[in-house]
1. Give the residue, chosen from 275, 251, 319, 300, that is loosely packed, with under 15 Cβ neighbours inside 10 Å and closer than 22 Å to residue 20 by Cα.
2. Here are 26, 66: which of them is surrounded by fewer than 19 Cβ atoms within 10 Å (Cβ to Cβ), touching a residue at least 24 places away in the same chain (Cβ under 8 Å) and more than 24 Å from residue 137 (Cβ to Cβ)?
3. In this structure, does residue 293 turn out to be in contact (Cβ under 8 Å) with a residue 12 or more places away in the chain, out of contact with any helix residue (DSSP H, G or I) (no Cβ under 8 Å at 6 or more places or on another chain) and closer than 30 Å to residue 4 by Cβ?
4. Given the residues 159, 250, which is the only one that is under 24 Å from residue 45 (Cα atoms) and of a type in the set (Gly, Ala, Ser)?
5. In the list 156, 128, 63, which residue meets the criterion of being of a type outside the set (Val, Ile, Thr), touching a Leu at 6+ places or on another chain (Cβ under 9 Å) and at pLDDT below 95?
6. Any residue in region 376-392 that is on the phi < 0 side of the Ramachandran plot sitting within a Cβ distance under 8 Å of a residue that is basic (Lys, Arg) and surrounded by 12 or more Cβ atoms within 10 Å (Cβ to Cβ)? List the pairs, counting only those 6 or more apart or interchain.
7. Got at least one residue in region 77-87 being crowded, with 19+ Cβ neighbours inside 10 Å, without any contact (Cβ under 8 Å) to a residue 60 or more places away in the chain and aliphatic (A, V, I, L, M)?
8. Just wondering, is there one or more residues in region 139-153 that are buried (at least 16 other Cβ atoms within 10 Å of the Cβ), at positive phi and not assigned by TED's automatic domain parsing to the domain that holds residue 172?
Amino acid sequence: MERFVIIGAGAAGITAAQTLRSFRPEDIITVISTDEKVHSRCMLHKYLGHERDAQGINFVKADFFEKNDIYHIACQTVTKIDTAAKTVHYGESYSTPYDKLLIATGSGFFIPPIPHFREAPNVFGFRDLSDALKIDEAFAKGKRVFIVGSGLVGLDAASALCQRGADITIAEMAPRVMPLQTDDYAASVYQKVFEDHGCKFLLGIGASDAVVDGEGNITEVILSTGEHVPCDFIIMAAGVRPRIQLALDSGIKAERAIEVDSRLRTSAPDVYAAGDCTGLSGVWPDAMAQGKAAAENMAGVDTVYEKPYPFKNTSNFFGVTMLSVGRLDLTEGAEILLHKTPKEYKKAIVKDGRLTGYLSMGDISNSGLYLHLIKNGVDVSGKLDKIFRLSFADFYGINQKNGEYVYTV
């Protein structure tokens with residue numbers, strides 16, 4: 001009987017636990033997590049906006065651990081992995097042995113070296129349920145919120161809090177909101193809808209200093225322009241970093257992320273890693289795919305992890321839906337195609353006959369096709385006249401012998 005230990009209960013960790021149980025029905029599986037409840041990071045804004053409770057953002061059933069006979073050690077942080085003794089240390093003085101170990105610690109928010117920001121107790125991230133709980137507590141004391149960063153995380157937090165009556169200022173170093181996922185037009189649509197709901201944007205402006213009270217809380221953010229913005233608390237949403245400190249402290253090779261091979265093995269024997277901590281992708285489905293592949297290898301099923309899908313994000317703020325796939329910034333030498341109506345906006349970037357970036361705002365149906373075209377580098381050069389009306393039928397036919405769909409172009 002083998003002992004499997006998983007550090008982290010996010011998309012990668014939970015998928016790995018479920019996969020391991022399917023291959024190893026009799027072995028011991030333990031999941032250690034810092035948070036008490038399993039939760040979807042993508043749904044945190046629903047909790048912060050008081051649309052759902054903690055169970056409402058849980059992506060597994062309440063009896064998941066009991067039903068799958070998985071031991072869940074909640075509210076505990078792993079402090080060290082002794083790879084020689086094959087032991088995981090957590091909490092103040094607890095430990096558990098392992099035969100195979102998976103690190104699925106995810107990623108955490110990053111606080112830049114702005115004076116007072118790293119020390120102030122009223123500066124929060126927005127990555128975990130514990131972060132949302134802290135923000136909720138702070139919001140009960142004051143409703144003036146300063147958000148650093150206007151990416152998906154920042155706008156998720158803003159959309160949740162502004163519906164609760166918050167006074168929100170969002171600072172973004174880039175000249176537009178959601179700079180990685182949008183172009184200028186799509187960004188302007190989202191900026192307007194947030195401004196219509198009371199949010200204020202400071203674009204191309206960063207924080208340079210802060211004013212603190214006697215307890216070290218930041219009461220005013222000083223901008224690079226010299227302007228002072230009063231606030232009750234701050235949400236850092238300007239960037240994330242893979243959580244690698246545990247690996248580094250345990251002698252496991254890591255630099256910007258935990259290094260893994262094609263089987264998701266780390267530099268330590270019988271230690272694997274999956275999810276955001278590997279730096280391979282920051283997308284939820286990719287984390288699940290990594291958790292599954294890692295678990296299969298841990299169970300003795302040789303599995304090569306295929307490269308993740310190209311950069312992909314979907315968002316829906318105040319009823320405005322957007323899909324962004326691939327790279328929208330690689331436009332040099334590319335052909336840019338646009339489709340724009342009062343209700344829809346679509347953009348395709350084609351280089352050397354291949355689709356490299358695709359954006360759709362409004363109707364995002366049929367998005368799987370464009371994801372497939374970008375990932376597989378399918379030649380679309382003969383179909384540019386109908387690039388926004390494509391279907392799989394334009395690229396695949398039916399094999400007359402066995403009835404399977406086959407690539408025809």
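The values are calculated or read from the model by the stated rules, or taken from the named source; none is laboratory data. Note that this is a predicted model, so its numbers are computed, not measured. Cβ coordinates were reconstructed from backbone atoms using ideal geometry, including for glycine residues, and neighbour counts include every protein chain displayed.
1. Values: 275 fails: loosely packed, with under 15 Cβ neighbours inside 10 Å; 251 fails: closer than 22 Å to residue 20 by Cα; 319 fails: closer than 22 Å to residue 20 by Cα.
After ruling out the rest, the residue left standing is 300.
2. Just one listed residue meets the conditions, 26.
3. Values: in contact (Cβ under 8 Å) with a residue 12 or more places away in the chain: yes; out of contact with any helix residue (DSSP H, G or I) (no Cβ under 8 Å at 6 or more places or on another chain): yes; closer than 30 Å to residue 4 by Cβ: yes.
Considered against the rule, which asks whether it is in contact (Cβ under 8 Å) with a residue 12 or more places away in the chain, out of contact with any helix residue (DSSP H, G or I) (no Cβ under 8 Å at 6 or more places or on another chain) and closer than 30 Å to residue 4 by Cβ, residue 293 comes out as yes.
4. Details: 250 fails: under 24 Å from residue 45 (Cα atoms).
That would be 159, the only listed residue that is under 24 Å from residue 45 (Cα atoms) and of a type in the set (Gly, Ala, Ser).
5. On the way: 156 fails: at pLDDT below 95; 63 fails: touching a Leu at 6+ places or on another chain (Cβ under 9 Å).
Step by step, each of 156, 128, 63 is checked, and only 128 is of a type outside the set (Val, Ile, Thr), touching a Leu at 6+ places or on another chain (Cβ under 9 Å) and at pLDDT below 95.
6. Taking only residues 6 or more apart or on different chains, the pairs are 378/354; 379/354; 380/354; 388/346; 390/383.
7. no
8. no
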